[in-house]
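Report on one structure; see the data block that follows.
The values are calculated or read from the model by the stated rules, or taken from the named source; none is laboratory data. Here the structure is a predicted model, which is why all the values come from computation and not from measurement. Here the Cβ positions follow ideal geometry from the backbone for every residue, glycine too, while neighbour counts run over all protein chains shown. Just so you know, the surface numbers come from the protein's heavy atoms only, side chains and all, with ligands and any DNA or RNA stripped out. Shrake-Rupley method; radii C 1.70, N 1.55, O 1.52, S 1.80 Å.
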Amino acid sequence: MDGYTSTMNFFATAHASFVQVALAVSAFLFVIGAVGVFVRRNVITVMMCVELMLNAVNLAFVAFSRAHGTIDGQILVFFVFTVAAAEAAVGLAIVIALQRNREDLDVDSFNLLKG
Amino acid sequence: MILDVILFYGAALVALASGLFVISQRNPINSAFSLIITMCSLAVMFAMLGSGFIAVLQIVVYAGAIMVLFLFVIMLLNAKQEEGDRMGGIGRAGIILGIVLAVQSVMVVWQGARGLPANHRDTASIDVARGLFADPRFLYPFEATSILILAALVGAIVVARKEKGK
């Protein structure tokens, strides 16, 4: 087998594992989002990290939908889209209300309910 | 075929790199733009996994609508750059949580993804629409989303409204 054929074979097997790569990317994106929620101080950035986690879950849904040959996963992604849109709308409204009342966006300063 | 592989792996790398950028930037505007890049490369991955309808929705709804909303609020509130990371207690706890989660998810993907069936059928957007509108399993959830969106609309207006006499 010459080098070109073996390279093509490598890519052929790699092509068969798109689902696995997608699942790995999904897992790492979820971890990145989860770490970001803890590490960042700005409320808006924390909300963007939540969106990143939702996107990672969507990727896993699409990958499993591909692997099993059904569309149920894609329909669940549709529902995640609606929930994410609603969450962004309400969350950003809360951010605007916070900015108006406290004039601060640092999550550490919102400790009114802290025991 | 080989172009498919390059495109898919490239999109995966771009998604991970810009995802890291989202959490490593101090300026929320930079985070927002990195998140848009992540979403666009995830849309490429969705399309390559055979769900073109979801890829289009990802661009239109996420990168188009939701992220524009985020950018709007960032610019409206003139969000400043953060001073310093949260490296005290909770930041360190988050990094430890991230390491544990990463190890666990690598193990799960490694073990679980090997047994998956290999399927290469692309789904047309009409299939998704048919599943959404004609499948009785999704009828009530689909109707419930309309109530959810209505509730979110009313809730957002009530929360962000300026109270009179204040």
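Structural remarks
- Selection of region A:22-32 for residues being open to solvent by 20 Å² or more (accessible area, probe 1.4 Å) and over 15 Å from B:Ala17 (Cβ atoms) yields only A:Phe30.
- Lone qualifier among A:Val90, A:Val80 - being more than 7 Å from chain B (Cβ to nearest Cβ), of a type in the set (A, V, I, L, M) and touching a helix residue (DSSP H, G or I) at 6+ places or on another chain (Cβ under 7 Å): A:Val80
- Screening A:Ile75 on (1) more than 7 Å from every other protein chain (Cβ to nearest Cβ); (2) crowded, with 22+ Cβ neighbours inside 10 Å; (3) in contact with a Gly (Cβ under 6 Å, 6 or more places away or on another chain) shows it passes everything except condition (1).
- Selection count where residues are assigned to a helix (DSSP H, G or I), farther than 23 Å from A:Asn111 by Cα, open to solvent by 20 Å² or more (accessible area, probe 1.4 Å) and within 7 Å of chain B (Cβ to nearest Cβ), scope region A:33-71: 2
- Conditions (1) more than 8 Å from every other protein chain (Cβ to nearest Cβ); (2) of a type outside the set (A, V, I, L, M, F, W, C); (3) over 24 Å from the mean Cα position of the chain (by Cα); (4) farther than 30 Å from B:Leu20 by Cβ; number of the one not met by B:Ser146: (3)
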